[in-house]
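Just so you know, all these numbers are worked out from the coordinates, no wet-lab data involved. Just so we're clear, the structure is a prediction, and the values are computed from it rather than from any experiment. All Cβ positions, even for glycine, are placed from backbone atoms using ideal geometry, and neighbour counts span all protein chains on display.
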Amino acid sequence: MINNIRFKTKIIVIGAGQAGLSAAYHLKRAGMKIGPDFIILDDAPSAGGAWQFRWPSLTLSTVNKIHNLPGMSFQETLASNEDTVQANIAVPHYFDRYEKKFGLDVFRPQRVEQVSLHLNRFHVNTNTSRFSAMGIINGTGTWQNPYIPIYPGADLFQGEQLHTKDFKQAADFRGKHVVIIGGGISAIQLLDQISQVTRTTWVTRRPPVFNEGPFDDAAGHNAVALVEDRVRNGLPPLSVVSVTGLPYSPEVQDMEQRGVLKRLPMFSEITKNGIKWPDGKELEADCLLWNTGFKSSLQHLDAVLPKETTGGIRMAGRLATMVEKEPRIHLVGYGPSASTIGANRAGAAAASELRRTLGL
């Protein structure tokens, strides 16, 4: 089976989201050719990365910001500048146009299941094929690895348990009591929408912090730097959002006036009919909606990624995309590059540094 390779190349880019496309653009700009020099694998059926799976009510006015991919503006692909355009339509359209403009042909759908090392080459097994390469740029992000913490009694709950990833529209919850769990931006957005059609309770592990000042590029870069420091020291990354706080937006102010921002501390267990706190207080619920984030989707790299005892991966390189103990692997969309602001810069750094490591 080891010799049953469909395609041999020099670099494999895994994932065609913001980070993966950015890396591919810079590889091609450096003179590398699709096919003999590098290929792009993506598990989605079409262009758009994780954006194509976001809920329909997420519009361009409610996302943090769509950062331009290198060489092509997002605005030039919009039919209008209306903020009501769905993000899960506009961004995939942009990515599709981008792939076509720069000739970034993507093998899809190709779900990478395992990467192994044989005779100094990485063997990449997908759901249908086998590939091999000298180096890997991994841009799988986090969308495929939703995180739900384990709480006692979770298997006893007779209601519905969902993750942010499962959300489609607020109307689906009409007539139900929904417990919104989490203190991030997604939790706030879904709390806003669902509270307008039904009863909600908001629960977080720690009191939320709202920032009234603008979240500009400087603030974004400062947040990225904090996350970067962790991964350079081999610690598991925190999300960029976790160190920025929440924007005190008009939507948040409206929620405050409607009384839906009355946050409760985290419960200690889940019961048959709801949730329970350490002091014995119980609350009945029909649905638990976990807005508890995502973890890096790196399971396919388990056999080749050197892990630290801290549970993280020690990163190096100009923008902390290089795996320090295996410089032939770059992780874009991990740690400081897990946001669109970090992904573009990381793609450029990874492409340059990996070419240098491989002597290409």
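In this structure, the amide hydrogen of Cys287, modeled 1.01 Å from its nitrogen in the peptide plane, lies closer than 5 angstrom to those of Glu160, His177, Val179, counting only residues at least 5 positions away or on a different chain. If you run the Gaussian network model on the chain, springs between alpha carbon atoms under 10 Å, then out of Asn273, Asn145, Asn88 the most flexible one is Asn273. For the options Thr321, Thr77, Thr310, a Gaussian network treatment of the chain with springs between C-alpha atoms closer than 10 Å singles out Thr310 as fluctuating the most.
The residue list Met322, Val224, Pro152 was ranked by how far each Cα lies along the charge dipole of the chain toward its positive end, using unit charges on Cβ atoms, and Met322 comes out on top. The C-alpha atoms of the chain define a longest principal axis, and helix 18-29 lies at about 20 degrees to it. Considering only beta bridges that DSSP places wholly inside the chain, some 40 percent are antiparallel.
Among Leu283, Leu226, Leu41, determine the one that fluctuates most according to a GNM of the chain built with springs between C-alpha atoms less than 10 Å apart. Its mean-square fluctuation being the largest, the pick is Leu283. Here the Karplus relation 6.51 cos²θ - 1.76 cosθ + 1.60, evaluated at θ = phi - 60°, turns the backbone of the range 120-137 into coupling constants of 6, 10, 7, 9, 10, 9, 10, 5, 10, 9, 10, 10, 9, 7, 7, x, 10, 10 Hz, with x for every Gly and Pro. With R₀ fixed at 22 Å, the C-beta to C-beta distance from Gln257 to His177 puts the FRET efficiency at about 0.55.
Of the residues Thr128, Leu360, Asn68, the one whose Cα sits farthest towards the positive end of the charge dipole of the chain is Leu360 (charges of +1 on Lys and Arg Cβ, -1 on Asp and Glu Cβ, taken about the Cα centre). For the chain, the longest principal axis of the C-alpha atoms and the axis of helix 217-232 are separated by about 70°.
Treating each Cα of the chain as one equal point scatterer and applying the Debye formula with no solvent, the log10 of I(q)/I(0) at q = 0.14 Å⁻¹ comes out as -1.19.
As a rough footprinting exposure proxy, the listed residues Leu191, Leu246 were ranked by other beta carbons within 10 Å of their own, and the order from fewest upward is Leu246, Leu191. Summing Lys and Arg as +1 and Asp and Glu as -1 over all other residues whose Cβ lies under 11 Å from the Cβ of His300 gives a net charge of -2. The residue among Leu331, Ala19, Ser116 whose Cα reaches farthest toward the positive pole of the charge dipole of the chain, with charges on the beta-carbon of Lys, Arg, Asp and Glu, is Ser116.
Whole-Hz Karplus values for the range 94-104 come out as 4, 4, 4, 4, 5, 4, 5, 4, 9, x, 8 Hz, taken residue by residue from phi with 6.51 cos²θ - 1.76 cosθ + 1.60 and θ = phi - 60°; glycine and proline positions read x. Evaluating 6.51 cos²θ - 1.76 cosθ + 1.60 at θ = phi - 60° for every residue in the range 300-315, the Karplus couplings come out as 5, 9, 3, 6, 10, 9, x, 9, 8, 5, 6, x, x, 10, 6, 9 Hz, glycine and proline recorded as x. About the centre of its Cα atoms, the chain shows a dipole size close to 1200 debye [charges on the beta carbon of Lys, Arg (+1) and Asp, Glu (-1) only; nearest 20 debye].
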